[in-house]
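Note sheet for the following structure.
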Amino acid sequence: MKPRLYLETTIPSYLTSWPSRDLIVTAHQQLTKEWWRARRDAFEICISQFVLDEAGAGDADAARERLEVLKPLPLLDITEPVVQLASALLRSGVIPEKAARDAAHIAVSAVHCIDYLMTWNCAHIANAMIIKTVQSICVQNGFSCPVICTPEELMEN
């Protein structure tokens with residue numbers, strides 16, 4: 001059985017965007033494309049309506065490309081436990097209200113027992129300064145937190 005992976009919105013964004021002038025962003029784009037080419041078939045990838053909503057926003061042509069990449073991926077349900085866990089993450093202050101969607105990504109992946117949450121959002125999701133608190137809140141609410149990582153961390157050894 002393949003490990004389950006939740007694809008947060010930054011991944012299809014980096015996968016389909018024009019090359020950046022910022023060297024770090026360019027490296028992230030390249031790593032994302034390499035992971036997508038070489039490793040995506042090793043995982044059961046899923047998304048949520050949160051990802052579709054974010055990917056569908058902005059420039060119409062860019063949104064169309066992002067949504068095309070996401071089209072074959074199964075959607076995880078947004079259930080009451082997802083809403084409750086996202087609220088707990090926000091109430092704790094570990095994730096600010098302005099990043100409520102980020103709390104929702106963590107919550108949907110935890111509630112659905114996802115193994116990995118892949119993201120390039122290192123401010124509010126893949127952030128070493130908050131991960132222990134995020135994990136603790138998940139456990140306090142009866143869920144296991146997925147491993148939160150970037151594509152670089154899931155490249156083959």
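The values are calculated or read from the model by the stated rules, or taken from the named source; none is laboratory data. Here the structure is a predicted model, which is why all the values come from computation and not from measurement. Cβ coordinates were reconstructed from backbone atoms using ideal geometry, including for glycine residues, and neighbour counts include every protein chain displayed. Surface accessibility is based on the protein's heavy atoms, side chains included, excluding ligands, DNA and RNA. Shrake-Rupley method; radii C 1.70, N 1.55, O 1.52, S 1.80 Å.
Key figures for this structure:
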| item | result |
| --- | --- |
| Hey, Tyr6 in a helix (DSSP H, G or I) and hydroxyl-bearing (Ser, Thr, Tyr) or not | no |
| Lone unmet requirement of (1) out of contact with any helix residue (DSSP H, G or I) (no Cβ under 6 Å at 6 or more places or on another chain); (2) at negative phi; (3) surrounded by fewer than 16 Cβ atoms within 10 Å (Cβ to Cβ) for Ile114 | (3) |
| Enumeration of residues in the stretch 1-53 that are touching a His at 6+ places or on another chain (Cβ under 9 Å) and under 19 Å from Val82 (Cβ atoms) | Arg4, Tyr6, Glu8, Thr9, Cys46, Ser48, Phe50, Val51 |
| Qualifying residues in the stretch 18-38 (those that are hydrophobic (A, V, I, L, M, F, W, C) and assigned to a helix (DSSP H, G or I)) - the one most open to solvent (accessible area, probe 1.4 Å) | Leu23 |
| Residue within the stretch 83-100 that is touching an Asp or Glu at 6+ places or on another chain (Cβ under 8 Å) and either closer than 27 Å to Arg40 by Cα or modelled with pLDDT of 95 or more (or both) present | yes |
| Residue list for the stretch 119-157, filter: among the aliphatic types (A, V, I, L, M), open to solvent by 70 Å² or more (accessible area, probe 1.4 Å) and closer than 14 Å to Tyr6 by Cβ | Val147 |
| Among residues of the stretch 1-17, those that are open to solvent by 50 Å² or more (accessible area, probe 1.4 Å) and either at pLDDT below 95 or of a type in the set (A, V, I, L, M, F, W, C) (or both), counted | 1 |
| Residues of the stretch 77-110 satisfying the condition of being within 26 Å of Tyr14 (Cα to Cα) and open to solvent by 20 Å² or more (accessible area, probe 1.4 Å) | Asp77, Ile78, Val94, Pro96, Glu97, Lys98, Ala100, Arg101 |
| Elements of type strands (runs of 3 or more DSSP E) contained in the stretch 39-157, each with 1 or more residues being without any contact (Cβ under 8 Å) to a residue 60 or more places away in the chain and closer than 18 Å to Ser17 by Cβ | 44-48 |
| Members of the stretch 121-141 that are within 16 Å of the chain's Cα centre (by Cα) and more than 16 Å from Val111 (Cβ to Cβ) | Asn121, Cys122, Ala123, His124, Ala126, Asn127, Ala128, Ile130, Ile131 |
